[in-house]
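Engineer: Could you have a look at this structure, given as structure tokens, before my questions?
Derivation of every value follows stated rules applied to the coordinates shown; laboratory data play no part. Predicted, not measured: the structure shown is a model, and the values here were computed from it. FYI the Cβ positions are ideal-geometry reconstructions off the backbone, even for glycines, and counts take in every protein chain you see.
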Amino acid sequence: MNKPITSCLLCERELQGHTSWQELLKKSLPQTICQRCEDQFEKVEQQNEPNVTTLYHYNDAMKDYIHRYKFLHDIVLAHVFNAALHAQLKNEKRLIVPIPMHEQGLKRRSFAQVDELLKAAHIPFQHHLTKQTDEQQSKKTRAQRLQTTQLFRVNNPNAIKHKDILLIDDIYTTGTTLQHAKNALLEAGAHTVTGFALIHS
């Protein structure tokens, strides 16, 4: 997004204030949503999942955001959480690997939602996984998700051997997707694999 954002990406209210010199010096990202919209998102105050960090709960505001971003294909909404993601990941030393979409899913949506979130937050990442099935985990029951066969394969095991990896996904529900990706990477020779998701459902 090259042009300055002057109105909230969610409600279109005019954004108050402007980027300060302090923000420019800190290289922080510009404001993209108004305070009223930001206050509707509920931050995760206590991390309860081992080896997985999440930023926000899946409340009504987040449900609406996900619907508009992923299912109405509003790619500009990738910038809504750019500052939060940048602050969380900007000093990350581990290799950042997004959870990929299956090629058929990518054709339907036209963009990879996790990639776009990271791009908007100016966070570098590398793809080392390929999704082997187009099955959508969100349409399965918890029991069906837990019984799913391996979802991913590692593209080049030599590229991740002995690496510390941080997997990135948009939504964490049962943990099945991240666990499958983690298992694939560890079996291929990664040193450690932990997870991060924008939303805890």
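Engineer: Take peptides 36-46, 153-163, 92-102, 123-133 and line them up by average Cβ neighbours within 10 Å, highest first, as a rough protection proxy.
Structural biologist: 92-102, 123-133, 153-163, 36-46
Engineer: Go through region 184-190 residue by residue and turn each phi into a ³J(HN,Hα) via Karplus (6.51, -1.76, 1.60, θ = phi - 60°); whole Hz please, and just put x for glycine and proline.
Structural biologist: Karplus values, whole Hz, x for Gly and Pro: 4, 5, 5, 5, 7, x, 4.
Engineer: Follow-up question, since we're still on this one. Within region 64-89, whose backbone N sits under 13 Å from a point 7 Å along Cα→Cβ of ARG108?
Structural biologist: The answer is 70-73, whose backbone nitrogens lie closer than 13 Å to the label point.
Engineer: Would you work out if region 70-134 is rounded, prolate or oblate? Take a ≥ b ≥ c from the square roots of the eigenvalues of the alpha-carbon gyration tensor; rounded if a/c is under 1.5, else prolate when a/b is larger than b/c, oblate otherwise.
Structural biologist: Oblate is the answer for region 70-134, as a/c is 1.5 or above yet b/c matches or exceeds a/b.
Engineer: Here's a follow-up. Want the number for THR6 to ALA159: 0.36 nm per residue separation, take away the alpha-carbon distance, what's left?
Structural biologist: Full extension of this stretch gives 50.9 nm more.
Engineer: Taking a 23 Å limit on the Cα-Cα distance, which of the listed pairs LYS63/LYS182; LYS107/LYS131; LYS43/LYS131; LYS43/LYS161; LYS43/LYS163 fall beyond it?
Structural biologist: LYS63/LYS182; LYS43/LYS131; LYS43/LYS161; LYS43/LYS163
Engineer: What FRET efficiency comes out for LYS90 versus THR149 if R0 is 25 angstrom and r is the Cβ-Cβ distance? Round to the nearest 0.05.
Structural biologist: With a Förster radius of 25 Å, E is 0.10.
Engineer: Need one word for region 47-168: rounded, prolate or oblate. Basis is the Cα gyration tensor (sqrt eigenvalues a ≥ b ≥ c); a/c below 1.5 gives rounded, then a/b vs b/c decides.
Structural biologist: It comes out rounded by the Cα gyration axes.
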